[in-house]
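Participant: This is the structure I want to talk about, given as structure tokens.
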Amino acid sequence: MKKIDVGQTITLLANVGVIAGIVFLAIELGQNKDLMRAQIRHELSQGAIDTIVRESADLETVNLFRRGLEGGELTPDEQIRFNQTLSAWFRYMEDVHFQYRNGLYEHSEFANQVNVWKGRLQMPSVHDHWCATNKNFAAEFVESVNSLAAVNC
């Protein structure tokens, strides 16, 4: 039987320590990804809540947004407010899409978001705004929205 000397024992222990460190690091990375998902999900939810609260903050805003969605008459200033709200909503959509593509947003939650997108994009004023501004967004997002919501510009 071969005897293991002190140098070999130290080398063996060092290698075991390195392997244990790599395992620990892998566990830490997994936990960080879970934490990141939770944080992103919270921020996206907060963004949606903020948008809903802003859209319903007062009767004037509700009236403006309703008329805009229904294609009603808007003053030039109201049209700017309506367009800015839609632009913010599309930026939110783009962020959700980005997070989903990068594995940080669950498929079931993304599918629910897509259903909302489809509903809004069926409204002529939203559809028209999308077609007029979609060149301002990432190509992957534009392609995805156009295919998911069957949008033809």
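Any read-out appearing in this document is the output of simple, stated calculations on the displayed coordinates, not a laboratory observation. This is a predicted model, so every value here is computed, not measured. Every residue, glycine as well, gets a Cβ built from its backbone with ideal geometry; the counts of neighbours run over all protein chains shown.
Participant: Is it possible to state the helix-based mean residue ellipticity at 222 nm for the chain, with each DSSP H run of 4+ residues giving -39500 (n - 2.57), the sum divided by total residues, to the nearest 500 deg cm²/dmol? What is it?
Facilitator: Rounded to the nearest 500, it is -27500 deg cm²/dmol.
Participant: Between helix 107-121 and the chain, what is the angle of the helix's C-alpha long axis to the longest principal axis, kept within 0 to 90° and rounded to the nearest 10?
Facilitator: 20 degrees
Participant: Quick one: if the Förster radius is 25 Å, what FRET efficiency do residue 101 and residue 55 give, using the C-beta to C-beta distance and rounding to 0.05?
Facilitator: 0.40
Participant: Shifting gears a bit: In degrees, nearest 10, range 0 to 90: what is the angle between the Cα axis of helix 139-148 and the longest Cα principal axis of the chain?
Facilitator: 70 degrees
Participant: With 28 Å as the cut-off, how large is the P(r) tail for the chain, expressed as percent of Cα-Cα pairs?
Facilitator: 41 percent
Participant: How far is helix 6-55 tilted, in degrees, relative to the longest principal axis of the Cα atoms in the chain, given as a value from 0 to 90 rounded to the nearest 10?
Facilitator: Once rounded, one gets 10 degrees.
Participant: Give me the percent relative contact order of the range 43-148, please, defined on Cα pairs under 8 angstrom at least 6 residues apart.
Facilitator: With pairs under 8 Å counted, the relative contact order is 26 percent.
Participant: Along the charge dipole of the range 43-148, Cβ charges K/R +1 and D/E -1, which of 90, 133, 49 sits furthest on the positive end?
Facilitator: Result: 133.
Participant: When the dipole is taken about the Cα centre of the chain, and only Lys, Arg (+1) and Asp, Glu (-1) are charged at their Cβ, what size is it in debye, to the nearest 20?
Facilitator: Approximately 700 debye in magnitude.
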